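Engineer: Here it is, the structure, as structure tokens.
Every number in this text was worked out from the coordinates using simple rules, so none of it is lab data. As the structure is a prediction and not an experimental result, all values here were calculated from the model. Cβ placement follows ideal geometry from the backbone for every residue including glycine, while neighbour counts extend to all protein chains displayed.
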Amino acid sequence: MAVIVALGAFLMTLAGGWTAQRVTDRRHLVLGLAGGLMLGVVGLDLLPESLHAAGREVFGVPLALLLFVAGFLVAHVVERLLAVRQAAHGAENGARVPQVGLTAAAAMVGHSLADGVALGAAFQVGGGMGVAVALAVITHDFADGFNTYTLTRLYGNERRKALMMLFADAVAPVVGAASTLLFTLPEEPLGAYLGFFGGVLLYLAAAEILPEAHHEHPALSTLMCTVGGVAGIWLVVGLAD
């Protein structure tokens with residue numbers, strides 16, 4: 001059942017990526033919406049889940065929050081190091097580094113894989129839990145596909161690579177759900193990963209996606225897309241609960 005449900009997530013991810021590439025003439029609106037979706041996923045989905053799953057503290061601070069900050073810092077350090085390296089090879093200062101986009105998209109794939117594992121584990125607990133998690137996974141995988149394609153293209157990668165990362169992101173929850181037929185991932189490592197990934201996403205949304213969205217088109221419509229993205233994730237989380 002978990003694998004069958006994961007096929008729905010596969011289709012929703014592709015639908016999100018298809019939507020992102022079809023509205024390129026409204027790029028600022030796409031980026032504004034993507035930033036809102038990412039902010040909503042981090043604050044309303046990933047962080048609460050990671051705090052619940054990886055609840056133990058390290059020197060007075062929840063492990064999930066430590067890894068959340070670590071994820072933010074790692075994303076910042078990696079981007080700066082890649083930018084310095086590219087500048088050393090003659091690239092213009094401030095130019096987008098394609099590897100950053102691919103790395104971010106790969107992290108989205110890892111997140112979708114974790115979604116599939118969580119889906120499979122929920123069905124092992126019981127049918128009711130499985131349905132609740134399935135609703136959350138399928139609905140927010142539209143945002144995952146949207147963000148995966150947008151992130152890859154934002155950093156200057158060609159369309160073929162963006163489609164490859166989108167397809168990998170779509171397949172990931174199916175693979176994750178199927179893997180639970182063989183083993184069960186402990187809750188704490190999954191929560192730790194979600195905390196770290198949340199920090200990475202927050203950095204990309206706050207430092208890259210949203211500034212780019214408002215750079216050339218500081219319009220109210222872009223701002224409303226961002227707010228709408230956050231509200232949409234809130235709706236999804238509320239319906240799933």
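Engineer: With a sphere of radius 13 Å drawn around the Cβ of Val117, what net charge do the other residues whose Cβ falls strictly inside it have (Lys, Arg +1; Asp, Glu -1)? Intermediate values should be presented prior to the final figure.
Structural biologist: On the way: positive: none; negative: Glu49, Asp115, Glu187.
Surrounding charge for Val117 is -3.
Engineer: I've got another one for you. Calculate, axis by axis, the spread of Cα positions in segment 148-234 along the three principal axes, and write the results as whole Å, longest axis first.
Structural biologist: 50, 30, 20
Engineer: Let me ask you something else. Does anything in segment 28-66 have its amide N under 19 Å from the 7 Å Cα→Cβ label point of Ala231, and if so which residues?
Structural biologist: Those under the cut-off are 29-45.
Engineer: Between His215 and Leu182, what FRET efficiency comes out of the Förster formula 1/(1 + (r/R0)^6) with R0 = 51 Å and r the beta carbon distance, rounded to 0.05?
Structural biologist: On the way: r = 47 Å, r/R0 = 0.92.
Once rounded, the FRET efficiency stands at 0.65.
Engineer: Using θ = phi - 60° and the Karplus form 6.51 cos²θ - 1.76 cosθ + 1.60, what ³J(HN,Hα) does each residue of segment 98-110 get, whole Hz, x for Gly and Pro?
Structural biologist: Here the 3J(HN,Hα) series is x, 4, 5, x, 5, 5, 5, 5, 5, 5, 5, 4, x Hz.
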